[in-house]
Structure formats: structure tokens, C-alpha cells
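Novice: Let me begin by handing over the structure; questions about it come next.
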Protein chains: 4
Amino acid sequence: MKTILKNVIENNRDITKFGQVATYIPELAKGNRDALGACIFDTSCNSILEGDYETKFTIQSVSKVVTLICALIDNGKEAVFSKVGNEPSADPFNSLLKLEIQENHKPLNPFINAGAIVCTSLVSGDNGIEKFSRIHNMIKKLSNNDDIDVNYSVYNSEKLTGNTNRAIAYYLKGANIIEKDVEDILDTYFKSCSIEVLVEDIAKVASVIANNGVAPWSNERLIPEEVNRIVKAIMTTCGLYDTSGTFSVNVGVPAKSGVGGCIMAVVPNRMGIAVVGPALDKHGNSIGGVKVMEGLSRELNLSIF
Amino acid sequence: MKTILKNVIENNRDITKFGQVATYIPELAKGNRDALGACIFDTSCNSILEGDYETKFTIQSVSKVVTLICALIDNGKEAVFSKVGNEPSADPFNSLLKLEIQENHKPLNPFINAGAIVCTSLVSGDNGIEKFSRIHNMIKKLSNNDDIDVNYSVYNSEKLTGNTNRAIAYYLKGANIIEKDVEDILDTYFKSCSIEVLVEDIAKVASVIANNGVAPWSNERLIPEEVNRIVKAIMTTCGLYDTSGTFSVNVGVPAKSGVGGCIMAVVPNRMGIAVVGPALDKHGNSIGGVKVMEGLSRELNLSIF
Amino acid sequence: MKTILKNVIENNRDITKFGQVATYIPELAKGNRDALGACIFDTSCNSILEGDYETKFTIQSVSKVVTLICALIDNGKEAVFSKVGNEPSADPFNSLLKLEIQENHKPLNPFINAGAIVCTSLVSGDNGIEKFSRIHNMIKKLSNNDDIDVNYSVYNSEKLTGNTNRAIAYYLKGANIIEKDVEDILDTYFKSCSIEVLVEDIAKVASVIANNGVAPWSNERLIPEEVNRIVKAIMTTCGLYDTSGTFSVNVGVPAKSGVGGCIMAVVPNRMGIAVVGPALDKHGNSIGGVKVMEGLSRELNLSIF
Amino acid sequence: MKTILKNVIENNRDITKFGQVATYIPELAKGNRDALGACIFDTSCNSILEGDYETKFTIQSVSKVVTLICALIDNGKEAVFSKVGNEPSADPFNSLLKLEIQENHKPLNPFINAGAIVCTSLVSGDNGIEKFSRIHNMIKKLSNNDDIDVNYSVYNSEKLTGNTNRAIAYYLKGANIIEKDVEDILDTYFKSCSIEVLVEDIAKVASVIANNGVAPWSNERLIPEEVNRIVKAIMTTCGLYDTSGTFSVNVGVPAKSGVGGCIMAVVPNRMGIAVVGPALDKHGNSIGGVKVMEGLSRELNLSIF
């Protein structure tokens, strides 16, 4: 399996030069466009690391999975889905268009920015500090790594330039979908996106979801079974922005991408996978990461379909 | 399992009165709003029939699965997906809106009307008669039933009132997505939608897909493995119009609904299920059928997630 | 005034090379991209011709004004505006998008294709031949020219390639906005667009509207006063597709453009103007024609504002 | 003329009960739904007051005319129209939809909220206090009334509940259409909307525009001629939200409505008119005010078309 992973990475290195590092957040523009690395962490705790697995990156939208887990645990399914849908969107990730033409102003799903902002507002905590602490602790537990922290340069950069997200949040406030202080919620949202990790951390998070919510290293249940099932379903239908359907056809596993260049993938009962490659395609997904996942799915027969 | 199926049906009978029989095709308006029946056909060829399983119905959009299978076999994956996408739509099933704002005018996926019309145009055959014959033969083989035929009253009704589909087809012709005679393609499309069946027929179709493309009754491969995998993926992300995501969360199996009141569901490696209940919810799905599937998923632990 | 017109034309000749002749109708692609000519016909029957005033062209969307006049005379204001609105559209001229998201499926105004197709269906006549005859006779009277006729090469070209208009018409039929035979209505619509004229013909049509509906050459009332007022209002708000507002600011007179390269402009109580220049800007308006109108408005102080 | 005005008002009193006072700003909900009053101020300084002309109201969107005048004077036509278009919108006044699908993110015109926020950002002044002072002074001069001031209850109410406008402003900031401090610009915008007046004040503002920019009472030029012409053009095509075209057909004069219940109308070279009636139709226009304007246009032959 190590050889397969190595070959798949090396065979797809060239494609990274057709992608672009995210530039709308200035700090992200400093990402290494050529990097491509991955980790497979299976449910027996074997860890395979290949390529540029030492590349540090911020999780960006991959945090939306963790935030959704917290929101579902803290509020229950009914409360969460009364404020955010679970339908895929055919629109780009930061679109306000869909937000508005839904009859009830409810964001389509938890993995577009609007939906993640709603989930952030639902996480337990009286204020932004407590909410972020809840999300931060959850990712530490899911990755079995207490040292995970925010990259404050990225966070400051997001906060400074996050006016489209600010627009979304005020729109949701105006539509009574979120009720608390907008800047406080956005602060938590920006911090969650700016958490800095390695592929092994994210592969471990994925391995917990692959293992039905139980940490492979401790047999501790970290995610309730129903929450875990919901999260896998939404990752399948909405995980890769407006290419989720194509990813289901070509790869066929629950996954979530982020503009930091990470793709986190869950192979039920078998393994968690994380790929990092900061060069993005025009949809905002790691251009090399998608190819690596297609290769692994073919070679290791990963599709759930 | 027979008792479970019976109970789930009886427990959800009442909800049918909150639904409406499709009226935009006059012949469909004659459907029995109160009917609710189902069939489970497992991969060992056991057939369980409960409720109003003798209700005849036209397959309507369930035909889109058969048409997609033919299009993929006849043209290959690349050719099909160069003319139709595989992304879920958050818009209603007969929407022209999405059609237009896609940059390349390509319909979003094979299960919205526009996409199914494109797939129909791709099915082998020099004219509408040959194309329909191809689709007709495929459903006969997938259901192991040579007597399946078109309900010509419904077909004539669809043809007479199908102006929105006609609009879609001419739009696609104007955008060079379909090239052949529009009325010929529409004729095939309307005939495919008007095929009349029983739940057992459709449960058998689903059992072939559940059995990775091999007919459980003959061990004959009817669908190539890759095509079968693609079809399951698209059923999961796009099968229930603009509630596909919610169905994935609440039921979690590949499925396809039709406005004739049928839901066809595939439980990989285990069984095919078909439910019929002509009373529809506002999204165009059988209101009772969705509830029956939710009940069965819970009781029989069907979710793939 | 002759010198002014000549200078304005010559000063704007160069800009025609930045435009493109319409290509979506193959016959239109044969238009002379470099041509630029104009006619001013005042309410005292003085005619000034300058530039390439001998260029023949098809009226295309300028016919929508004549069709609207017929529809209003034949049905009255209430009947017409129950089926078509009079609101400007910010969308391109052949857009289906707006058509659909209006709650009542009513086309926004009589000068987008959808609205003109509705007006065509409302013109008196039991069939397409009678309807076209009505429109044909009206333009002959408004231009005081009995020899005006259809360019049948253009007409055949439009008919062959008019699938987007066919889509619009079937959509309207599906929404019960038009009730009669779609192909019959489209035939009339394509013929109306394919009427071939010279700038002097169209300047005369405009002079009747400028003269409050009375032909300057005969003092005969050709358009009822209220109809004439409505037509001027809609030309002002909707006459130049999605640049009507900008034209109001920069020129400030009721006008209508067509993809054949003509702009017809009405200077109330003073004159009718027609410019022809087949090179179009990206909005579908004559690129030279718009500039000529801006120049004339400035030099002759034409704005009604 | 006094009798005509009186009759038109009395004949339309009943319709006010079919309208609703604006409720999205709590302070506006206190408006008197039954009130209906008007003032005609002609270019010879005759003032006719009828009905509930003593009703105080906040100008709301009527302020957008004053803000546009200031922006045009302070920056010139080119600079203003590089950041805001002048095309009518077929969408409601507070829509974000159009904002986004314009290729360049430029608001469609200065009279939708997005466009007015851009114009506010362009008014001279180093900060919100200076900008508002500029707008405040302009309306004092245009109404010849130094006592005009902000209703601070309404202002505070707008500020508290203005999250949709906040969303618009942050969206524009994210798209680099506005550059300065968002809260500062919004503060000026909310204050401008909250200016409290009587119909006579607004009829005087309109009379200046009717008089080509020159104050009838002092013969002082208050608005440059070109700016005045542009403002009349945009009032004609965009003045009544998504019913501007219908108003052009039925009334036919440049006008601007506000959700405080005012319609300001300009009859070129003859008079300014202001009507107040806080009961609004579903488009946000005074339901009685529109009817009064239709009646006056008919009786006094006001249409410019």
C-alpha cells in the first residue's frame, strides 16, 4: 500500500502546476504550489506517510466537518436542520445567490460558507471564545494531538479580508437565521478555518469517522453513531463544493476539501486519508489531491458504490 | 422482514392524504391517492410483497436510470459526461433556470429532465423507434419481465402536455447539446416515462443494481461493473430531485423517484426495494414512499453511511 | 443639420471595426460590418440621408415595436398587459432566466423575445398568414412604402436556427401564456424579424410616433394616441435590451434596436431617426449606431430629459 | 388645479386600506396607514396643498436622488458610473441576487440599495459626519428649508435592524466597489434615509429638478444641467423599484418612491409633485400615492411621452 500511495503521488505531481494557490486570503498565497503529500491512517492504527507529508497547512473548509459534528452533538439533528439544509449546491462555495432564492433564506447545507457560519453560531458556548474552545478541543481529540493550534497570521489575514463572509453573516442575521453577535461568530469561524495541521492529523480525524465514530487508538466513542452517519452522508453529497457529484462518480467516498489544499476522505470501516496540495483547481479543490484520490480509489478499490 | 414491511406501510398510510397526485399530466391525475404498496426483492431472489403491491403505475423519472444505463453502455463515460454533468441540482426537476446559467449550457445531471433528454438522444438507434426499443428491451431484461409495455393513454397525455419538456429540448438543440430531431427524441422520452409496471418489476431492476449489475435470477451480467457503480453514485447524489441530500441523511441508499409515485431503492449487496404511492409531496416524491423508506432504513439498518 | 449628421457618421466610422456582425443567424453574418448610415425624417417631411443610407437590412427586433402597436390596437391595453409586463430586464435579449423566475411566468416586457412572441400571438388573425399580413400592412403604412417585403433568405435562416426562440415559445405554451399553435406564431415572428428595409423607411415609422401617431405626410392618424404614448414609454425603458438605462442617460429619446444593425429613435414632436450599422456591441446593439445617436443627441439637443 | 388635486386624493383614499405600512423598520410601522396628502409646487412658486399634507414622514429612498446628485457633482459622471450602473432592475429593492450575477459586481443602478450605498461612499467628505453634512445641506437647499433634520428614532431603528444593508455593504467592500469604512458609510446612508420632511419640502425639491436645476424661488442654479438631465433619466427608468416601467406607461414622469410612503415626481418645466401615503403595495411603493399620480397624470396631462 505504501508503494501504491507513493506511485500515485509521484504520478500526479505534474498536474499541480496547472493549479493556483488560493490568493483571496493573502497569507494562503504563500502556500507551496508544488507540494503534494498524503497520509493513510487505517482503523488498525497503521499510518502510511508519503510525498510532502511534512507540509503544514490550515484546514480551511475541512473545519466545517468538525463544526458540524459539534453543532449536531450540542443541538440535535432537528434543531440544526431547522436552520440549515442538507442539499447539495450547484453554486460556488462563497455564493450568496442560492442563499437568497431559497424560500426560507436557510443556507442549503453545512458545507457552504453560509451553512458553516450557521453551524458555528449553534456550537455550545456563551461567546466566541467558548465556541472556538469547543471546536478546538474536538479537533484535538479527533486527531489525538493536543498541540494543534491556530495559525494567527492566516487568521488575521482572513479576518481582514473576510468581507464576503461578513456579508453572508449579516444577511443571515437580517433573515433571523443567526441571532447572536455577528462579529463574534465570524471570529470563531475565521479561527476554525485557520487551524494549522499536518496530513497525519487529518487522516486520523477521518479514521475516527471511518471507524463509525470510535477512536481506533483508544476505542473511545468520540462521535455519536447517528451524528457520524449524518456527517458521512453530507460529506458524500456536499463535500467538494460544486464538484461533489463528479467526485462521487470518480472516487466514491465521503470527503471534504478546503482551500488550504487539503482533501480529507473517509473509507468506511477501512481507513482515513488526507492529501495536501495547495495548488487548487477553479472549483477550489486541490488539483493534485483530487487526482491522488482518483488514483487511490482505482488502485485500492475504495468506492462505496 | 415481511412483518416489518407490512408495519412500516400501515404506519404510513395516513400521510398519503397530505400528498397530491401529479396533475400536470392529466392521465396521472387519475392515480389512486390512497394506494401504498412495496416490494423487497433480495439478491437471493426472495420476493416480499406488501400493501397495495398490485397498483399499476408508470415509471416516469425512474426510467431515467434505465436511459442512463443505456447511454453509458452505448457511448462510454467520457462521451456521456461531455454532454451532461453529474452534479446535484438544488432546483426543481423541470427547471430551465440552472440549464441556462451553467457556463456551457450542459444540463447538471442525467436525472433532471434536461439531462435525461440528452441521455435519450445518446441511446443507440437511428431514430426514435430504435432508441425506444433499446430502452424498452433493457427494462424488460432488468425486470425479467417480457410483458412490460407503454401505457398509451399516459404517453398521449404526456405528449400533448409536454411543452415545458419541449422547451427544454429546443433549448438544448439551440445550444448544440443535442443534435438530432427534437420531436423524435421527445417521443422516445415520453414513451420511456410512460412504461407501466408493478412494484415487483422495479424491485427486480433495483436488485440487479444492488447485485453489482448481475441478475440474481440468472447470474447474467446485465450492466457493466463501472456503469453500475456510476449509476449508484448518481442515484445517491441526484436521485430525489432537490431532496436528494435529505434522503441521503435520512435513508442513505441510492434511489430514484418518479412522479408516478414510485421510489426505486438499491441496498448494495442485499436487496432492491420499490415503493409505490401516487400521492406526492411538493418536491414530486411519493410522500408515503419517502416515509416507508425512512422506516425500512431504520428497522433494517439499510444506510450505506 | 445635414452637415451635423454627416460629421457624426464620419467621426464614428472607426468604431464599427470593434463590433461584430450577428452570427447566430447565418444569413445575418453576411452583413457589411463597415457600413454606417442614417436618415432623419422630420415631422415636416424633410428627409436627410447620410453615409451608407442605401444599405438594406432586416429590421429584426425593431419589428417588436410594430407588433406591439398591432397587439395594443387589436386587444387593448388591459388584455395585452395581462399576458406581458412592461418592466425593463437587466438580462440579455434571449434570456429564459427571467421568464422563469417571474412568479406568473409572464415575460417582463414586449421587447424581449418572449414578450414579442406573446404580442405576436395576440395580433388579430386566425392563423399565421393573417397575423403576418396584419403586421406587414402596418409597417407599410407606417413607412409609407408599399414595396416593403420579407427577405426570404434571412427568414429561412431564422426559422432553421431559431431553436432558442422555439424553446421560449413552448415554455410560454406550457405556462398557458400563449394558447395557439406555436409553430404558426413562430413563423409570423420570424417573418416579422426578416422584413427588409432602408433607413428612410424606419425613420418614417419613427416620425409617425414622434408626431403622436399621425402620419406627417397625410395627417392621417395611424396609431391611437394612447397606444402611441405607451409605445414611447416602453421604448424609453426597454428599447435597447440591457443597456436601455444607459441609453436614456446618454441619448435620452425613445428608441428600439435590432440585431440587423438598426436603431430607430423617436424625438417627440420633432423627428424620426434611423441609423444602420451591422457591427454590434456585446449587448446586440449597433456599436456605431449608439455612437451616432449619442453624437446627434449632443449636437441637436435631443434628450427629452 | 386645487380642486383636481383634492378630488384625486379623496377618490383614492379607500385604496390605502389595501396597503401595509412598512414593518421591517419598527419605527416605520408607527406610520399612519390611512393618511394621504399631496403638494404641487410649480415653477412659478405656486404651492397647492391638499389632503393630509401635514403628515410628517421620513424620506427613505427618496434620499437616493439627493445622494446621486451629490455623488455626480463631487465626482463627475464617469467616476460614478464606473462603480454603479444605470440599468433598471427587475428585482425587489433590497435584492442581493442581481448584485452578484453582474459580471463586475457593480450594482445595477443608484436607486437600488446597493447602488445608493456606493453613491453614499462617493459623496465628498473624509468621514461619515462630513458626508452626511454634504447630503443634509443639499436637501436643505433643494427644499429651501433650513430646519429639515433627521428623525433619530427612525435612524436608530434603521441602524439596529439594517443587517441586509450591512450585508450588501460588506459584499461591495469584498468586491472592492467601496473602499472606505463600511459602518461609517452605512451610518450616513441610514441618516439620509431618516431625514424627516413634509410633502411641501419634497415638492420643492422636485420643482428644482423640473426647472432644469434652477431654484424657482431664487433663480439660483443648484444642480448642474447635465447632472439634472441624468437624474431625470434614471428616475424615469429606475425610480419605482421593479414597477418603474409600469409607472412610465401609466404616469409617464420622472419619479422616486420611498418606503416612508412618499412619491416625488418631476413634471419637466411645469411642476414638482410630492404625495405621501404610508400604506405600501407589495413592491414598496405608496399604494395611494401611485393612484394619485395616475389620476393627476390623466387629469393634468402630465406624461412626457
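Where a number appears in this text, it was derived from the coordinates with a stated rule and is not lab data. Quick caveat, the model's predicted, so the values are computed rather than measured. In this analysis, Cβ positions are derived from the backbone assuming ideal geometry, glycine residues included, and neighbour counts consider all displayed protein chains.
Novice: Just round it to a whole percent: the fraction of Cα-Cα distances in the protein assembly as shown exceeding 41 Å. Intermediate results must be reported in sequence, preceding the final value.
Specialist: On the way: 386917 of 743590 pairs.
The proportion of pairs with Cα distances above 41 Å equals 52 percent.
Novice: Then there's this: Can you tell me the convex hull volume per residue for the stretch B:238-305, based on C-alpha atoms, in Å³ to the nearest whole number?
Specialist: In the stretch B:238-305, the Cα hull volume divided by residue count equals 69 Å³.
Novice: Would you tell me the mean number of C-beta atoms belonging to other protein chains that fall within 10 Å of each C-beta in A:224-230, as a whole number? All intermediate terms of the calculation are to be shown ahead of the outcome.
Specialist: On the way: counts 0, 0, 1, 0, 1, 6, 6.
For this peptide, the per-residue mean of nearby foreign Cβ atoms is 2.
Novice: What's the longest bit of chain C with no exposed GluC sites (Glu not before Pro), using DSSP loop states and at most 16 other Cβ atoms within 10 Å as the test?
Specialist: Numbers: sites that count: C:Glu54, C:Glu103, C:Glu179, C:Glu220.
Longest site-free region, per DSSP loop and neighbour criteria: C:221-305.
Novice: Under 8 Å for C-alpha pairs, at least 6 residues apart: give me the relative contact order for chain B, rounded to a whole percent. Please list the in-between numbers first.
Specialist: Details: 660 pairs, mean separation 84.6, N = 305.
In percent, rounded to a whole number, it is 28.
Novice: Mind checking which of D:Gly272, D:Gly37, D:Gly162 has the largest fluctuation in a GNM of chain D, springs on alpha carbons under 10 Å?
Specialist: D:Gly162
Novice: Sticking with this one: Under the rule of at least 5 residues apart or a separate chain, name every residue whose amide H is placed under 5 Å from the amide H of D:Asp149.
Specialist: Residues meeting the amide H criterion: D:Glu196.
Novice: Now, a different point. Which distances in nm, rounded to one decimal and ordered from shortest, link the label point of B:Glu78 to the equivalent label points in the other identical copies, with labels set 7 Å from Cα toward Cβ?
Specialist: Inter-copy label distances (nm, one decimal, shortest first): 5.2, 5.2, 6.4.
Novice: Further, regarding this structure: Quick one: with label points 7 Å out along Cα→Cβ, list the inter-copy distances for B:Tyr152 in nm, shortest first?
Specialist: 4.0, 8.1, 8.3
Novice: Continuing with this model, one more query. Around C:Asn212, which amide H atoms from residues at least 5 apart in sequence, or from another chain, sit under 5 Å from its own amide H, with H modelled in the peptide plane?
Specialist: For C:Asn212, the qualifying residues are C:Asn269.
Novice: Check cross-link reach from D:Lys282 to the aspartates and glutamates: straight Cα distance under 14 Å, and skip same-chain residues fewer than eight apart.
Specialist: D:Lys282 reaches C:Glu103, D:Asp91, D:Asp242.
Novice: Kirkwood hydrodynamic radius (Cα pairs, Å) of the stretch D:108-262?
Specialist: Details: mean 1/r = 0.0607 Å⁻¹.
Over the stretch D:108-262, the inverse of the mean reciprocal pair distance is 16.5 Å.
Novice: Kindly write out, for the stretch D:60-77 in residue order, the coupling ³J(HN,Hα) from the Karplus curve 6.51 cos²θ - 1.76 cosθ + 1.60 (θ = phi - 60°), rounded to whole Hz, with x marking Gly and Pro.
Specialist: Coupling constants for the stretch D:60-77: 6, 5, 4, 4, 4, 5, 5, 5, 4, 4, 4, 4, 5, 5, 7, 10, x, 4 Hz.
Novice: Leaving out same-chain residues fewer than 8 places away, which lysines sit with a Cα under 24 Å from that of D:Lys204?
Specialist: Correct list for D:Lys204: D:Lys2, D:Lys6, D:Lys56, D:Lys64, D:Lys131, D:Lys140, D:Lys141, D:Lys191, D:Lys232, D:Lys256, D:Lys291.
Novice: Which whole-Hz ³J(HN,Hα) couplings does the stretch C:7-19 yield from phi under the Karplus relation 6.51 cos²θ - 1.76 cosθ + 1.60, θ = phi - 60°, glycine and proline marked x?
Specialist: Going residue by residue, I get 5, 4, 5, 5, 5, 10, 4, 5, 5, 4, 6, 8, x Hz, with x marking Gly and Pro.
Novice: Sticking with this one: What is the order of D:Lys232, C:Lys159, A:Lys77, fewest Cβ neighbours within 10 Å to most?
Specialist: Details: D:Lys232 27, C:Lys159 19, A:Lys77 15.
Going from sparsest to densest Cβ surroundings: A:Lys77, C:Lys159, D:Lys232.
Novice: Same structure again: With equal scatterers on the alpha carbons only and no solvent term, can you work out the Debye log10 of I(q)/I(0) for the stretch B:183-283 at 0.20 1/Å?
Specialist: Debye intensities relative to I(0), on a log10 scale: -1.09.
Novice: Over all residues in B:167-177, what is the mean tally of Cβ atoms on other chains that come within 10 Å of each residue's Cβ? Intermediate results must be reported in sequence, preceding the final value.
Specialist: Working: counts 15, 5, 4, 11, 8, 2, 5, 10, 3, 1, 0.
Whole-number average of other-chain Cβ neighbours for B:167-177 is 6.
Novice: Continuing with this model, one more query. Starting from the Cα gyration tensor of chain C, multiply each eigenvalue by 5, take the square root, and state the resulting semi-axes largest first in whole Å.
Specialist: Working: eigenvalues 154, 86, 67 Å².
Working from the Cα gyration tensor, I get semi-axes of 28, 21, 18 Å.
Novice: Counting only other chains, and only Cβ atoms inside 10 Å, what mean value do you get across the residues of C:235-245?
Specialist: Values: counts 1, 9, 10, 4, 0, 1, 1, 4, 3, 5, 13.
Other-chain Cβ atoms within 10 Å of each residue's Cβ, averaged: 5.
Novice: How large is Rg over Rh for the stretch A:130-222, taking Rg from the Cα atoms and Rh as the Kirkwood inverse mean of 1/r across Cα pairs? Can you show the working numbers first?
Specialist: Details: Rg = 15.6 Å, Rh = 14.7 Å.
Over the Cα atoms of the stretch A:130-222, Rg/Rh equals 1.06.
Novice: Compare B:Ile273, B:Ile15, B:Ile48 in a GNM of chain B, Cα atoms joined below 10 Å, and give the one with the largest fluctuation.
Specialist: B:Ile15
Novice: Considering Cα pairs under 8 angstrom that are at least six residues apart, work out the relative contact order of the stretch A:106-260 and quote it in whole percent.
Specialist: Values: 159 pairs, mean separation 34.5, N = 155.
Relative contact order comes out at 22 percent.
Novice: Say each of A:Lys2 and B:Asp147 gets a label point 7 Å from the Cα, pointing the same way as Cα to Cβ; how far apart are those two points in nm?
Specialist: Between A:Lys2 and B:Asp147, the label points sit 6.3 nm apart.
Novice: Separate question: Which FRET efficiency, nearest 0.05, do D:Ala29 and B:Asn301 yield, Cβ-Cβ r, R0 51 Å?
Specialist: Working: r = 53 Å, r/R0 = 1.04.
Computed FRET efficiency for D:Ala29 and B:Asn301: 0.45.
Novice: For the stretch A:203-235 and the stretch C:173-205, what is the centre-to-centre distance using only Cα atoms, to the nearest Å?
Specialist: After rounding, the separation between the Cα centres reads 63 Å.
Novice: Once every Cα of the stretch B:34-81 carries one equal point scatterer and solvent is ignored, give the base-10 log of I(q)/I(0) from the Debye formula at q = 0.26 Å⁻¹, two decimals.
Specialist: -0.94
Novice: Then there's this: Between copies, how far does the label point of C:Asn7 sit from its twins, in nm, shortest first, when each point is 7 Å from Cα along Cα→Cβ?
Specialist: Spacings between copies for this position, smallest first, are 5.1, 7.9, 9.4 nm.
Novice: Here's another thing I want to ask about it. Scattering from the C-alpha atoms of the stretch D:29-142 alone, worked out with Debye: what is log10 I(q)/I(0) at q = 0.14, 0.16, 0.22 1/Å?
Specialist: -0.74, -0.89, -1.15
Novice: Report the residue, chosen from A:Ala233, A:Ala71, A:Ala210, that carries the largest GNM mean-square fluctuation when chain A is represented by alpha-carbon nodes joined by springs under 10 Å.
Specialist: In the Gaussian network model the winner is A:Ala233.
Novice: Quick check: the distance between the Cα centres of the stretch C:1-35 and the stretch D:244-305, to the nearest angstrom?
Specialist: One Cα centre to the other: 40 Å.
Novice: List the residues, sorted by chain then number, that are 5 or more residues from D:Ile178 or on another chain and whose placed amide H is less than 5 Å from its amide H.
Specialist: Amide H neighbours of D:Ile178, under 5 Å, 5+ apart: D:Lys173.
Novice: While we're on this one: Using θ = phi - 60° and the Karplus curve 6.51 cos²θ - 1.76 cosθ + 1.60, what whole-Hz ³J(HN,Hα) does each residue of the stretch B:192-201 get, with Gly and Pro shown as x?
Specialist: 4, 5, 9, 5, 9, 8, 10, 4, 5, 4
Novice: What number in nm² do you get for the stretch D:1-59 if you take the convex hull of its Cα atoms and divide its surface by four? Before the final figure, lay out each step's value.
Specialist: Details: hull surface 18.9 nm².
Dividing the Cα hull surface by four gives the mean projection, 4.7 nm².
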